[in-house]
Structures are given as C-alpha cells and as structure tokens.
Amino acid sequence: MTADAGPAPTPQACVLIVDFGSQVTQLIARRVRETGVYCEIAPFQAAEAAFERLQPRAIILGGGPASVLDAGSPRVPEAFFAANVPILAICYGQQTTALQLGGAVEGGHAAEFGRADVRVLEQSALFDGVWSVGSSYPVWMSHGDRVTRLPAGFSVKAVSENAPFAVASDEARRIYTTMFHPEVVHTRDGAKLLANFVHKVAGLKADWSMTAYRASAIARIRAQVGKGRVLCGLSGGVDSAVAAVLIHEAIGDQLTCVFVDHGLLRQGEAEDVVRLFRDHYNIPLRHVEAADRFIGALEGEADPETKRKTIGRLFIEVFEAEARDIAHDGRGAPEFLAQGTLYPDVIESVSFTGGPSVTIKSHHNVGGLPARMKMKLVEPLRELFKDEVRALGRELGLPEAFVGRHPFPGPGLAIRLPGGVTREKLEILRKADAIYLEEIRKAGLYDTIWQAFAVLLPVRTVGVMGDGRTYDFVCALRAVTSVDGMTADFYPYDMTFLGRAATRIINEVKGINRVVYDVTSKPPGTIEWE
C-alpha cells in the first residue's frame, strides 16, 4: 500500500492518501477500507509519482507535525489541485491547502490539542445525514497554527473555539478541509464523514472486498512469479499461513514452504503448523529443526535489537541453505522468497519523514533481502491490515481455529523474555504462557481478546511458598483489544480471572513466584508490545 508496493488491486476505485508524517495517517486508510473502497498511502515526497501510477478517483491529505510556516515544510503537488479530483484535507492538509491556494495561516494563536467542540454553520456534502446545522459535535483536534483567511471560492461550514474554519470547503471544486481529525474514534461520526466524502462526493462504490482482493492477488502473484519457484517462510502465525495458502492457490507446486522450528515458539505451535500444511492442505513443507542453532546464538543475549537482528540473520541463513538444497531436485533453484509482511509492518519500518521507526521491524525483511540471496520478495499481504488478513484467510478456507489465533511475532519468545536468553528461562516462559492461554480459552475470552501473552521479567523477587523461601522470576501477563494492530487498549479482566490464572502459574511453573498484570495501552504510532 506504499508508493512502491506494486499495482493496486482495483485502481479504478482507488483513494490516494498523502502522509505528511501524522501518527494517525494509517487510521484514515482503515476508515476508507471500512467503506469498501481501496486506498493507498504515499509519503508526501512520493505523492506525485503515486498519483501518476494509481490515477486515484479521490485524494485525502493527512495531518503532520510540521508547521506550514517553516521554510521547507511539506507541500501538496500543485498538479493535485488542477486534476479535478475530489480532495479532503485534514489538519496540516487543510493548512497547506489554504496557503497554496491563496489563503493565510498564522501561528501564535491558542492551540487545540485533544477534545474540542465544533458548531455547524452551513450544510455540506460531508455532513449529509450525519451532522445538522446549528448543532455542536465533539471532535479531536491537534494543531498549533490555524487558517486565518480562506482562499477564494471557499466558505466556512463549521467553527470551534480556536479554529474559525474548523470545516471549510469549495464545493464547486470538490475540495473539503477539516481542522480536526475525522479518522480517530474521538470525533463523533468521523467515520461517517469520511464515508460521505468517499461515496457521496467522490462517487465511489463499495466494491472492494476480500473476494476481489483474492482474485487480483492471485493474478499478481502469477504475473510476478511466472514459471519460477517460490520459497515461503512459515513462522507459525496467521500472516505467513494465509500468504502460503494464497500463493499455493496461485502457483501450485511451484511453492515450497519452509517452517523453521527455532525453539522460540509457544507450546504445541510447531505441531499445529506441520499438521495444517501437510495434512489439511498437502502443501510441500520442509520442517527445519533449528532450535540449537538459534538458541545457541542467542544464549545470554539481553539487547532486544541484537536479538531481533540475530534471529533475522539466522532465518536468512536457513532459507539460503534450504534454497540450495531444493535446487538439487532437478527443477531449478527458487527465485523468490515469500513472507507474510503486512501493512503495519511496512509503515512501522519505513519512516516517511525520518525518525527511529526504521528499526521497529528489524527482524522482518520489509526493506528487501540481502543482495547475496539473489532472490526477489513475494509479499501478497503487504497491502492488508491484520483484520483483513483474517478475512482473507476465511475466504481461502483456513480453519477458524487457525485464522482466529492471536498474533505471534517472528522472533517468538525471545522478545517476551527481556534480559538474557537461556534455555531454562524459555521453558519457564513457555509453560506459563500455555497456562495463561488455557485459562483465557476456558473463560471464553480468547476471541474477545486480540492478543495475549506472558512475559518473563528480568527480575527476581523473594517469596514464601509453603514453609520455604523462594527467589524466583516475576511473570507479567498482557492482554489487549484491537482491530487493526495499530492501536490497542488493555483488556479489563476481572480479579477472579487474574487470581485464578496467577495461582495456576505460581503453583505449576517452577521458577515463578509472582505474577503481575500489565495495563499498558498502545496509542497510534507506538511500537509493538514487547
């Protein structure tokens, strides 16, 4: 879904979203997808090239941290305003649109961050069936500068206390601007405002579905791969499993799956993967026992980034060895390596405006493979969010127990083990994690919770168990609710459940004498839970 992600599945009904660096740009994409319309995000530096490639039917200009008053701050390509394509400009997008079309923006006024109320002055196509003239509605603001003079042809539609042009538009040119963020849940009916823009202003139909995506993705895989062979790395999670089944449907026995059992998996997960692919789908599968190699390389390693890079390097080495071995079967060497990269992997790994996010997914080869591999990446899920991958998995007929399983990162338990990695600590964590998930399932909460796992903290505490003193590890339990994996909140367990799970872990897992529950949330733009 980024500017270099390849042809869009349905370019005739595409919305281009321009990212100026906002941490919630991905939420705009989620809301547009929810309307049944395909969209892609492009960083502002590549927006013009993306426009030429996609020929979008509508453009959404997102927010960003810069000030339009600063020299060198991002701008909208002038061609966008001359293209006669509907435009929705949000926050920074509103400010640069106003400035570029002849209006004025000033700093030094009272800022608005967080909740604000807007009062509707005039009817607008954005408000149709959602907001009424004369009424006020809560929205989410995040701005210091503000528009102080509208360009010619624009009229004000709504105001807030510190934004005299909270909504302003040139409806003849189909350019709509908002100072607030309609994409966040704090804006009342914000998703409906976006739907009005997509459907009523731009006239796009809700015709993008997993059925359509499946067909177009298969066509793209066949076009990319041709007669070549593909090696698919299975991690044991939903993403790589869905990618493998999709690719197998596209190219059949040109695909060989490689499941690397690195010794960092949850209890029973290796057996589940082998059973699914060998017994249920009959997809060629090479099961590589590599626990000694991975754990040996990680033994004692405490730095989380080194752990990730070590695991990523070893995965590549294993795939290289498997590719060489497969090449001896007389059918030629694999030319492609497939993996289940998702859109959140991409946007958390490639910083559009600079910054530290490039290291967040360092175990993934999101930016490409080492040159020595001489293989090309096949990433058929690169444009999808997590919930869309699950929907695609159901479309492909994967068992619900597999499609609905919680996300599990490629580095596995190594990143659920802060501090040095040892075989003993891995086994302690694996047992505690299994008990925790068992209790979640017994309570009927597994499908309600998006992700849950145990973490073995790098601290020991003194405790008394029976008549003896112990000096053992602390286990932290986490559980979050989410839809797309980009934002999340902790799950509000009742104390009865937590007490039951904690008691079982302490009683049944030697090496743990204390259990805590983590109530950390994940706001937009932050890293994954580790």
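Close amide H contacts of CYS232 (hydrogens built in the peptide plane, cut-off under 5 Å, sequence separation of 5 or more or a different chain): THR256, CYS257, VAL258, ALA338.
Suppose we take every Cα in the range 203-259 and form the convex hull; what volume per residue is that in Å³?
It is 85 Å³ per residue.
Treating only the Cα positions of the range 7-109 as identical point scatterers, give the base-10 log of I(q)/I(0) from the Debye formula at each q in 0.11, 0.15 Å⁻¹. The computed values of log10 I(q)/I(0) come out as -0.31, -0.58. Contact order for the chain, expressed relative to its length and based on alpha carbon pairs under 8 Å spaced 6+ residues apart, stands at 11 percent. Among the listed pairs LYS307/LYS510; LYS386/LYS425; LYS307/LYS431, which have their C-alpha atoms separated by more than 28 angstrom in this model? Long pairs (Cα-Cα over 28 Å): LYS386/LYS425. The phi torsions of the range 69-85, fed into the Karplus equation with coefficients 6.51, -1.76 and 1.60 and a -60° offset, translate into couplings of 7, 7, 4, x, 5, x, 9, 7, x, 4, 4, 5, 6, 9, 8, 6, 10 Hz, rounded to whole numbers, with Gly and Pro shown as x. Karplus-derived 3J(HN,Hα) values for the range 46-56, using 6.51 cos²θ - 1.76 cosθ + 1.60 with θ = phi - 60°, are 10, 5, 5, 5, 5, 4, 5, 6, 8, 6, x Hz; glycine and proline are entered as x. Taking the longest Cα principal axis of the chain as reference, the axis of helix 386-396 is set at about 70 degrees. Put the Cα centre of the range 27-42 next to the Cα centre of the range 151-168 and the gap is 25 Å.
Could you list which residues have their amide H under 5 Å from that of LEU88, counting only those 5 or more apart in sequence or on another chain, with H placed in the peptide plane? So LEU88 has HN proximity to ILE59, ILE60, LEU61, TYR176.
If one computes P(r) from the Cα atoms of the range 60-105, what percent of pairs lie at distances over 15 Å? That fraction is 38 percent. For the range 169-290, taking Cα atoms only, Rg and Dmax work out to 21.8, 64 Å respectively.
Pair-distance distribution of the chain: all C-alpha pairs, bin width 10 Å, starting at 0; shares per bin in whole percent are 3, 17, 25, 23, 17, 10, 3, 0, 0. Over every Cα atom in the range 380-450, the radius of gyration and the widest Cα-Cα span, Dmax, amount to 15.0, 41 Å. Listed values for the range 410-420 are Karplus-derived 3J(HN,Hα) couplings in whole Hz (6.51 cos²θ - 1.76 cosθ + 1.60, θ = phi - 60°), namely x, x, x, 5, 4, 9, 9, 10, x, x, x, and x replaces Gly and Pro.
Computed from the coordinates by the stated procedures, all read-outs in this text should not be read as laboratory data. Note that the structure is a prediction, hence the values are computed from the model and not measured.
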